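**Q** I'd like to ask some things about the structure below.
The values are calculated or read from the model by the stated rules, or taken from the named source; none is laboratory data. On a predicted model such as this, the values are computed, not experimentally measured, just so you know. Methodologically, a virtual Cβ is constructed for each residue, glycine included, from the backbone with ideal geometry; neighbour enumeration extends over all protein chains shown. Side chains are part of the model used for accessible areas, which takes the heavy atoms of the whole protein and leaves out ligands, DNA and RNA. Shrake-Rupley method; radii C 1.70, N 1.55, O 1.52, S 1.80 Å.
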Amino acid sequence: MLHRVNLNNVVVAILVVAALGALISGPGPKIGERQSFPPTPAAIAFQQAEEAAAARQTEAQRQAEIARQVSAQAEEETILPEGEGRAETFGYCTACHNTALIRRSRFSRDQWDGLMDWMTERHGMNPLEGEMRSLIVDYLASHFGAAQAPARGRNPFLN
Ligand code: HEC
């Protein structure tokens, strides 16, 4: 009798300890489970370095594409949409690069006008003035205007 009571007490004590243990440890992470901590400074720096590398790669691709288009020259005037000023635009604007740079662009008249100065100041294009300038800028604005539908296969990184 005494022996049996003692045994029961032991079983009850073990159960109580086990229940308390479960209560105290709560629903926390199990062994082998990863806990998520806020990123360490090293992890943040790594992430930033990766983003910077991706941005550099995008820029390098953009430059390579521009270089390719600047060097590829063989084109006919008819690659540009028909309209007044096409011959002049083709003649004047393909001295340094083909028309791909133009065809993929969508600018307002003001922007095209500003681009003429930029091309002169930055890339040594002969200054374009007077009637010839308005003819070409009008042509560009009406065929490659800001409101025009995007060019076929237009790449957002190249604009
Ligand atoms: C003297 C050489 C030269 C002439 C002539 C020239 N360009 Fe350019 N153009 C360049 C170069 C070089 C670039 C590439 C610039 C760069 O690094 O993005 C360029 C770039 C461009 C771009 C791309 C701008 C951008 O970043 O989106 C357009 C559009 C363009 N030219 C239009 C014209 C038009 C229109 C004409 C004729 C009126 C013209 N170009 C004549 C040298 C020239």
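**Q** In this structure, does Arg133 turn out to be in a helix (DSSP H, G or I) and in contact with a helix residue (DSSP H, G or I) (Cβ under 9 Å, 6 or more places away or on another chain)?
**A** The answer is yes for Arg133.
**Q** Something else: From Pro81, Pro39, which residue is more than 8 Å from the ligand (Cβ to nearest atom), open to solvent by less than 70 Å² (accessible area, probe 1.4 Å) and assigned to a loop (DSSP other than H, G, I, E, B)?
**A** Pro81 is the lone residue from the list that is more than 8 Å from the ligand (Cβ to nearest atom), open to solvent by less than 70 Å² (accessible area, probe 1.4 Å) and assigned to a loop (DSSP other than H, G, I, E, B).
**Q** While we're on this one: Starting from the stretch 118-134, keep only residues that are more than 9 Å from the ligand (Cβ to nearest atom), then list their pairs with residues that are hydroxyl-bearing (Ser, Thr, Tyr) and open to solvent by less than 100 Å² (accessible area, probe 1.4 Å) whose Cβ atoms are within a distance under 7 Å, requiring at least 6 positions of separation or different chains.
**A** Pairs that qualify, where the first residue is more than 9 Å from the ligand (Cβ to nearest atom) and the partner is hydroxyl-bearing (Ser, Thr, Tyr) and open to solvent by less than 100 Å² (accessible area, probe 1.4 Å), are Pro127/Thr120.
**Q** Is at least one residue of the stretch 63-78 surrounded by 11 or more Cβ atoms within 10 Å (Cβ to Cβ), assigned to a loop (DSSP other than H, G, I, E, B) and of a type in the set (A, V, I, L, M)?
**A** yes
**Q** Restricting to the stretch 84-93, and then to whatever is without any contact (Cβ under 8 Å) to a residue 24 or more places away in the chain and hydrophobic (A, V, I, L, M, F, W, C), can you tell me which residue is surrounded by the most Cβ atoms within 10 Å (Cβ to Cβ)?
**A** Here the answer is Phe90.
**Q** Return yes when Ala147 is under 21 Å from Ala74 (Cα atoms) and either assigned to a loop (DSSP other than H, G, I, E, B) or open to solvent by 60 Å² or more (accessible area, probe 1.4 Å) (or both) and no when it is not.
**A** The answer is no for Ala147.
**Q** What pairs come up if the first residue lies in the stretch 94-115 and is free of Cβ contacts under 8 Å to residues at least 60 places away in the same chain, the second is surrounded by 17 or more Cβ atoms within 10 Å (Cβ to Cβ) and acidic (Asp, Glu), and their beta carbons are under 8 Å apart, counting only those six or more places apart or on different chains?
**A** Arg109/Asp138
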